Number of protein chains: 2
Amino acid sequence: MTRILALCCVLLLALPDLAAGNETATPLLTTKQRFSMPVYTTVGGRTIKSLQVGWESYGELNQSKDNVILITHYFSANSHAAGKYHPDDTAPGYWDALIGPGKAIDTNKYFVISVDSLANLSANDPNVITTGPASINPDTGKPYGLDFPVVTIKDFVNVQKAVLESLGISKLHAVVGASMGSMQALEWAASYPDWVPRMISVIGAGQSDAWTTAALEQWAIPIRLDKHWQDGNYYESEAPIDGLAASLMLITQQALHPAFFNQQGEALNYHPLESGPLSDIRQSHSIVKWLSERAHSRAALMDANHLLYLVRACQLFLAGHGDDLNASMKAVKAKSLFLPAENDLLLMPYMAQAAHDALLNNNKESVYDEIKGNFGHLDGVLNIQQKAADIEAFLQN
Amino acid sequence: MTRILALCCVLLLALPDLAAGNETATPLLTTKQRFSMPVYTTVGGRTIKSLQVGWESYGELNQSKDNVILITHYFSANSHAAGKYHPDDTAPGYWDALIGPGKAIDTNKYFVISVDSLANLSANDPNVITTGPASINPDTGKPYGLDFPVVTIKDFVNVQKAVLESLGISKLHAVVGASMGSMQALEWAASYPDWVPRMISVIGAGQSDAWTTAALEQWAIPIRLDKHWQDGNYYESEAPIDGLAASLMLITQQALHPAFFNQQGEALNYHPLESGPLSDIRQSHSIVKWLSERAHSRAALMDANHLLYLVRACQLFLAGHGDDLNASMKAVKAKSLFLPAENDLLLMPYMAQAAHDALLNNNKESVYDEIKGNFGHLDGVLNIQQKAADIEAFLQN
């Protein structure tokens, strides 16, 4: 239990650093690479000049370039899916339990690659390379702010495709992603079916339904309420850190489950009738302070406008951009594996089930299996080793 | 389905007006009464001068004054639990399906009474009488703002007790409440056991655990972010309506379930790739506009500081104020009935289960039974007639 709590303290301090307990004696080492594109045209028909994104890889690309597994990352993550930049890094990439030599996604066999999203949340992290509203607009010499075009999950996929093509790759062995990464994975399978023979969706969805689009909006609202946000033009003044931290508090809670959260309460000696909040409306309970402090700490490397653009990308998600999910799944050629988390309150299992059912309705090959655990949505990251053998077998098939 | 959607549009527009479909030909009529207290001392040891609250009753108090059922109301409601003020009111009180002549809580037999909470959310509703941060502080002649003392669920109960005692009542037949009302009901049973032979907790809890206290805090945060909030001193300037509406959007979504919410999406022709939000980051999806418009409309009669004080009262909730729930339940003499909603995402059934278990551990009489439905938390209001027979039998026993 202590180990799990410690793991989760790390998690809430810096979501990408999840797999601290899974370090190997000789860690996989990786380096952030930079990919540039002079012009990119978005799905919405707008252009982005001098687009740049970071990427990482683990393992070697073989001569026929057919051993590629693409890892698409979740909302608050980046392409640091596994390994370390330096042997003395405190923690490896978020799915290090899954990716590495001899692991389920075996870097002795596969060339594993991941790409930082557009409008990546951690725009101020020196290990992230992204293009988004915080980037300099070459036409004005100033940050885009809300002049940055709306981007979609399909735009993330199109940029990943350009990165892969720059390496001479024209087909994947598989695409695998968790949460927002699952959206990209299924988008790949539906939009570029000839590229994707295998797709794994972890804690995922096939589209954002009305519930999810509204829930995502709740993440955006605190940022727009922060007086420092100023319609997105805060780059020469104070950033809307309180609004951003409020958003992260909401995201963190929704990504967890009471079963874990209340264990954290016990560790803090939480009591409903704590004397501070009982005596003073301006004071907070221990659990609130804990959540707030971690959110403010994480917010330092993040950009508030980037969060708004990621929210919008997820709201606009319907894999394959068809009329509906059933129509969208027609084009898929991949065999699919859906691994929702049984106690997920953010992307509840019914969402993965709906995508799986739409594939079966279209006579596609698809498997559905739930991850057990008490973390909620985050079981897709923290308990992924539970499905390591299934993932390994699925990739070999 | 159309009737249910219509009912829920009403619900989201004005939560107290829930039972529009359950009107009888000759409606029960009621009048808001006023109760005043020169001085009230809070659980936290502070004093409130000239305390005033509203109350309503349905049915007649018998001579021995032993036919009293107290209805304790939920977060966004007030004492208008049943009936109408005027025959031409558009809707009766929120639990009119349950309370009235010949209904489960039969006003031909019982004197049913309900009291507006302190810091009632609808401070600007002419049908609500409450004392809270928006009230004039007699010592300064100005609204209290954050100088108003923190109040707890037990303070709500203590004020209700004073109202009852002013009517010569010294014992209840039963106390019945939903959600925040369930907190008051169990507080009654634990704090004043000799008053309470029967307690019904609908969509309820026995305490606010760490999860719930943090979730409640998420409701408060948007208000404090609104630049018009000004540390609670907005009574002579613009009210923080956007922050208040943001809070209501979150509360509304958390009180519902995807199963219902997505039906509403269908009614709006929601699509993930709507052209407005795809082309412009400042535009919103249909479902977001729907939620926002209803929240802004409801916010007009509500007070933002009152919401903060209600959040705090709910966070400070441990029925009976014992060391823990098990210790608190020792004093209870009531037989209890817990009716959580199976799909409740706000106060999940595990919370009612924990209170029920704590009572059984203390060898108390308690029954636990779940309300079925697709509304989530709001099944406790919208589907309460499902348990009408059980409630009627429980009250007669």
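A short reminder: the numbers here are calculations on the coordinates, not readings from a lab. Owing to the predicted nature of the structure, the values given are computational and were not obtained by experimental measurement. Every residue, glycine among them, receives a Cβ derived from its backbone with ideal geometry; neighbour counts consider all protein chains shown.
Considering only DSSP beta bridges whose two residues both sit in the protein assembly as shown, what percent are antiparallel, to the nearest 5?
Restricted to the protein assembly as shown, the bridges split so that about 40 percent are antiparallel.
Shortest first, in nm, what separates the label point of B:Gln52 from those of the same position in the other copies (7 Å along Cα→Cβ)?
Copy-to-copy label distances for B:Gln52: 6.5 nm.
Set the Förster distance to 51 Å, then compute FRET efficiency between A:Thr90 and B:Asp147 from the Cβ-Cβ distance, nearest 0.05.
E(calc), rounded to 0.05, equals 0.65.
In whole angstrom, note down how far apart the Cα centers of region B:77-148 and region A:168-212 are.
52 Å
Run the quick spin-label model on B:Asp231 and A:Gln353: label points 7 Å from Cα toward the beta carbon, then report their separation in nm to one decimal.
Once both label points are built, they end up 5.1 nm from each other.
Please report B:Tyr309, B:Tyr350 as a ranked list, fewest other C-beta atoms within 10 angstrom at the top and most at the bottom.
B:Tyr350, B:Tyr309
For B:Leu268, put the label point 7 Å out on the Cα→Cβ axis and report which residues of region B:364-389 keep their amide N under 18 Å from it.
It comes to B:375-376, nothing else.
Put a label point 7 Å from Cα along the Cβ direction on A:Glu165, then list its distances to the equivalent points in the other copies in nm, shortest first.
Taking the point 7 Å beyond Cα along Cα→Cβ, the inter-copy spacings are 8.0 nm.
For the protein assembly as shown, what is the charge dipole size about the Cα centre, in debye to the nearest 20, if Lys and Arg each add +1 at the Cβ and Asp and Glu each add -1 at the Cβ?
80 debye
Under 10 Å, Cα contacts only: if you run a Gaussian network model on chain A, which one of A:Ser170, A:Ser114, A:Ser279 comes out with the highest mean-square fluctuation?
Greatest mean-square fluctuation among the candidates belongs to A:Ser279.
In whole Å and largest first, what semi-axes does the C-alpha gyration tensor of region B:57-159 yield when each eigenvalue is scaled by 5 and square-rooted?
Square roots of five times the eigenvalues give 30, 16, 11 Å.
Each label point is 7 Å from the Cα along the Cα-to-Cβ direction; what then is the distance between the points at A:Gln385 and B:Ala393, in nm?
5.1 nm
Pick from B:His271, B:His321, B:His356 the residue whose mean-square fluctuation is largest in a GNM of chain B, springs joining Cα atoms under 10 Å.
Most flexible of the set in this elastic network: B:His271.
Which of the three applies to region B:296-397, rounded, prolate or oblate, going by the alpha-carbon gyration tensor with a ≥ b ≥ c and a/c under 1.5 meaning rounded?
oblate
Checking a compactness column here: for the protein assembly as shown, what do you get for Rg(Cα) / (2.2 N^0.38 Å), N being the number of residues?
Against the compact-globule rule of thumb, the ratio is 0.99.
With 10 angstrom as the radius, rank A:Asp369, B:Asp242 by how many other C-beta atoms surround their C-beta, starting from the fewest.
A:Asp369, B:Asp242
From the residues A:Asn127, A:Tyr235, A:Leu346, which one has its Cα farthest along the dipole of chain A in the positive direction, the dipole being from +1 and -1 charges on Cβ of Lys/Arg and Asp/Glu about the Cα centre?
A:Asn127
To the nearest 0.05, how large is the calculated FRET efficiency for B:Gln52 and A:His296 if R₀ is 30 Å and r is the Cβ-Cβ distance?
Here the calculated transfer efficiency is 0.15.
Listing B:Trp211, A:Trp95 from the residue with the fewest other Cβ atoms within 10 Å to the one with the most, what is the order?
With the sparsest Cβ surroundings first, the list reads B:Trp211, A:Trp95.
What helices does chain B have that are whole DSSP H segments, at least 15 Å long along their own axis by Cα, and with mean Kyte-Doolittle hydropathy of 1.6 or more?
Length and hydropathy pass: B:2-13.
For B:Asp194, what is the net charge nearby, where nearby means another residue's Cβ is under 12 Å from its Cβ and Lys, Arg count +1, Asp, Glu -1?
+3
Which value in deg cm²/dmol, rounded to the nearest 500, describes the helix-derived mean residue ellipticity at 222 nm for the protein assembly as shown, given -39,500 (n - 2.57) per DSSP H run of n ≥ 4 and division by the residue count?
-10500 deg cm²/dmol
How large is ³J(HN,Hα), in whole Hz, for each residue of region A:100-111 in order, when computed from phi with the Karplus curve 6.51 cos²θ - 1.76 cosθ + 1.60 and θ = phi - 60°, using x for Gly and Pro?
My calculation for region A:100-111 gives x, x, x, 8, 4, 9, 7, 6, 6, 10, 10, 8 Hz in order.
What relative contact order, as a whole-number percentage, does chain B give when Cα pairs under 8 Å and 6 or more residues apart are counted?
18 percent
What FRET efficiency, computed as 1/(1 + (r/R0)^6) with R0 = 41 Å and r the Cβ-Cβ distance, is obtained for A:Asn363 and B:Gln283, rounded to the nearest 0.05?
0.65
Could you give, in nm with one decimal, how far B:Gln283 is from each other copy of that position, shortest first, with labels 7 Å out from Cα toward Cβ?
Here the equivalent label points are 5.0 nm apart from this one.
For chain A, what does the equivalent ellipsoid look like in terms of its semi-axes, each the square root of 5 times an eigenvalue of the Cα gyration tensor, given largest first in whole Å?
Sorted largest first and rounded, they come to 31, 26, 21 Å.
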